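Colleague: What follows is a single structure, and I will ask about it in a moment.
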Amino acid sequence: MVIFKNEFVEIIKEESHIPWLKIFTAQRYKELTDCPDDLRQKLYLCMETVEKIMIEYYNPTKINIAMFGNYVPHVHIHVMARFEEDGFFPESMWGKKQKELNLSLPDESSFFEKLVKKLSEIF
């Protein structure tokens, strides 16, 4: 599900029981250093904005940010709100499940609205 898209970035919701967004560059680059400087700055600003609004809205235990791309070989950033009550905490979301999910979160549509509003102001 696409949450936000412009000429620089595209933000997609990852299907998960935690708030998890992936930020892609609109134009595909293999490595972060392949991106023009101004795009790297916009990508970082976008990541920082997602993180701040996730913290304000969900009050997570921790925000996880990951960037690799072995399976999806172009620049993208994962931003995840983590909670002690999520099924994988404290492991990564790609790790071994630790326990049953015991997580109750506010409606994500309001989070998306806040995020899109802020990103529209920035871009």
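The values are calculated or read from the model by the stated rules, or taken from the named source; none is laboratory data. Treat the numbers as computed from the prediction; the structure is a model and nothing was measured. Positions of Cβ are backbone-derived with ideal geometry, glycine not excepted, and every protein chain shown enters the neighbour counts.
Colleague: May I ask you to list pairs of residues, at least six apart or on different chains, whose Cβ atoms are under 6 Å apart, with the first in region 94-111 being closer than 15 Å to ASN59 by Cβ and outside any helix (DSSP H, G or I) and the second being modelled with pLDDT of 90 or more and not acidic (Asp, Glu)?
Modeller: Note: pairs meeting the criteria are LEU103/PHE83.
Colleague: Answer yes or no as to whether SER120 is of a type in the set (Gly, Ala, Ser) and in a loop (DSSP other than H, G, I, E, B).
Modeller: Criteria not met by SER120.
Colleague: Being surrounded by 13 or more Cβ atoms within 10 Å (Cβ to Cβ), among the acidic types (Asp, Glu) and free of Cβ contacts under 8 Å to residues at least 40 places away in the same chain is the filter here, so list the residues in region 4-34 that pass it.
Modeller: Correct list: GLU10 only.
Colleague: Moving on. Looking at region 26-56, which of the residues that are farther than 29 Å from ASP107 by Cβ and among the hydroxyl-bearing types (Ser, Thr, Tyr) is farthest from the chain's Cα centre (by Cα)?
Modeller: THR33
Colleague: Here's another thing I want to ask about it. Taking region 35-93, which residues are part of a strand (DSSP E or B), touching a residue at least 40 places away in the same chain (Cβ under 8 Å) and of a type in the set (Val, Ile, Thr)?
Modeller: Once the filter is applied, which keeps residues that are part of a strand (DSSP E or B), touching a residue at least 40 places away in the same chain (Cβ under 8 Å) and of a type in the set (Val, Ile, Thr), region 35-93 yields ILE77, VAL79.
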